[in-house]
Amino acid sequence: MGLFSFRKPPARVNSSGSVPHTADLLYPAVLPAFSEIAAGEHRDPRAVFYTIRFMDPQRSRPFTPDVLDASDFGSKAEVRRVLVRRGFVQNADAGQTLSVLYTKDAMKELLRKRGLSVGGTKEQQAARLLADGFRISPSRRLLELTASGSALIAAHGVNLSEAIRRATLALKEPDYPGAVAAYRDYDSRWGYVHPSGKTHTIFASYDVPFRRLDFLAGYPMRELCNSEDFRRTLRACLIAGLMRGEQERTELAFRFKEVCQEQIVCPGIVDLFIMDDFDGSTAAAMREAMEQNVAADSDFTLEYYISHVLYLSRRA
């Protein structure tokens with residue numbers, strides 16, 4: 001049950017009956033194999049993007065090849081070679097590499113062994129070592145994202161957000177083929193089949209029961225004191241999320257707020273939760289914490305409500 005569970009759902013919630021029970025809704029179209037992409041020397045960057053997909057260009061520092069996801073390429077050396085050749089990463093500055101690899105004390109020890117001054121910042125110490133002929137082993141050289149690598153990651157983020165936005169707005173109509181088209185457009189740029197046979201796709205990596213989609217499409221959300229437009233948008237957002245296997249409440253709330261500016265109004269949000277698994281004092285403390293969260297930020301109300309509806313959909 002996790003930290004808490006929810007009050008018993010109604011025995012049955014009528015579905016709108018609008019969800020088409022077709023494979024197209026939950027499965028990707030045919031996608032290229034990694035071997036095809038590799039045969040083209042990765043001029044199509046989708047597979048090399050996969051190796052750096054988790055990096056944030058705004059926070060990126062020099063990194064070791066071990067950080068790269070080399071599962072498709074067979075070795076860290078090969079994925080490094082491809083990324084460098086395609087211009088998405090490059091060897092980091094030698095001074096930066098030294099500053100990352102060595103602590104200040106270790107740097108001082110290297111300087112002492114060479115009879116050099118140990119004063120200054122790590123960057124100054126590194127420059128002194130390099131000027132004296134100190135060399136870093138090629139196997140220890142760090143990498144960094146290039147402008148092209150950062151742009152590739154940014155382009156993916158834009159495409160992903162646009163696909164989710166398009167799918168959500170289509171489902172709001174409801175236009176299920178439009179939602180499928182939005183996700184397949186994303187896949188046409190970024191999806192492919194790994195050498196293992198697993199497919200990298202925006203669609204869910206597990207079988208989603210249609211009964212859950214039916215439930216979400218028909219759930220009236222009577223707990224809310226919001227407009228019908230708000231309810232339709234939230235239902236669409238949750239269905240779009242389930243289509244891609246997303247059930248994390250914070251991510252779903254973030255995506256919802258990208259397409260709807262109306263704030264959630266759910267006066268009884270905390271009452272939707274029961275805490276029978278805990279003793280009285282623990283349950284009271286948890287309830288108080290939830291009430292404080294809700295009072296401080298409406299985002300918590302939205303996230304809690306999303307958790308509630310997803311829980312009900314699993315029991316449908």
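Some notes on this structure:
- Test result for Asp66, closer than 26 Å to His42 by Cβ, part of a helix (DSSP H, G or I) and either assigned by TED's automatic domain parsing to the domain that holds His42 or touching a residue at least 24 places away in the same chain (Cβ under 8 Å) (or both): yes
- Screening Arg222, Arg287, Arg232 for residues that are without any contact (Cβ under 8 Å) to a residue 24 or more places away in the chain and part of a helix (DSSP H, G or I) leaves exactly one candidate, Arg287.
- Assessment of the range 137-158 against the conditions (without any contact (Cβ under 8 Å) to a residue 24 or more places away in the chain and surrounded by 15 or more Cβ atoms within 10 Å (Cβ to Cβ)) yields no matching residue.
- Within the range 28-52, being surrounded by 14 or more Cβ atoms within 10 Å (Cβ to Cβ) and assigned to a loop (DSSP other than H, G, I, E, B) holds for Pro28, Leu31, Pro32, His42, Asp44, Pro45, Ile52.
- The residues listed here are Ser139, Ser150; of these, the one that is among the hydroxyl-bearing types (Ser, Thr, Tyr), under 30 Å from Ala92 (Cβ atoms) and under 22 Å from the mean Cα position of the chain (by Cα) is Ser150.
- Taken over the range 90-136, the criterion of being of a type in the set (Lys, Arg), assigned to a helix (DSSP H, G or I) and without any contact (Cβ under 8 Å) to a residue 12 or more places away in the chain is satisfied by Arg112, Lys113.
- Residue match in the range 305-316 (condition: touching a Lys or Arg at 6+ places or on another chain (Cβ under 7 Å), under 25 Å from Asp175 (Cβ atoms) and modelled with pLDDT of 95 or more): yes
- Looking across the range 137-172 at every residue that is in a loop (DSSP other than H, G, I, E, B) and modelled with pLDDT under 95, the one that is farthest from Val84 (Cα to Cα) is identified as Ser137.
- Taking the range 231-252 as the range and being out of contact with any Gly (no Cβ under 8 Å at 6 or more places or on another chain), closer than 16 Å to Tyr304 by Cα, surrounded by fewer than 22 Cβ atoms within 10 Å (Cβ to Cβ) and not basic (Lys, Arg) as the test, the residues that pass are Glu246, Glu248, Thr250.
- Of all residues in the range 290-316 being touching a residue at least 12 places away in the same chain (Cβ under 8 Å) and aromatic (Phe, Trp, Tyr), the one that is nearest to Arg231 (Cα to Cα): Tyr305
- Test: residue in the range 184-195 that is within 28 Å of Ser307 (Cβ to Cβ) and of a type outside the set (S, T, N, Q): yes
- Only residues that are in a loop (DSSP other than H, G, I, E, B) and farther than 21 Å from Tyr206 by Cα were counted across the range 243-256, and they come to 0.
- Residue among Ala240, Ala217 that is modelled with pLDDT of 95 or more, under 30 Å from Asp69 (Cα atoms) and assigned to a helix (DSSP H, G or I): Ala240
The values are calculated or read from the model by the stated rules, or taken from the named source; none is laboratory data. Being a predicted model, the structure only gives us computed values, none of them experimental. Note that each Cβ is placed from the backbone with ideal geometry, even for glycine, and that neighbours are counted across all protein chains shown.
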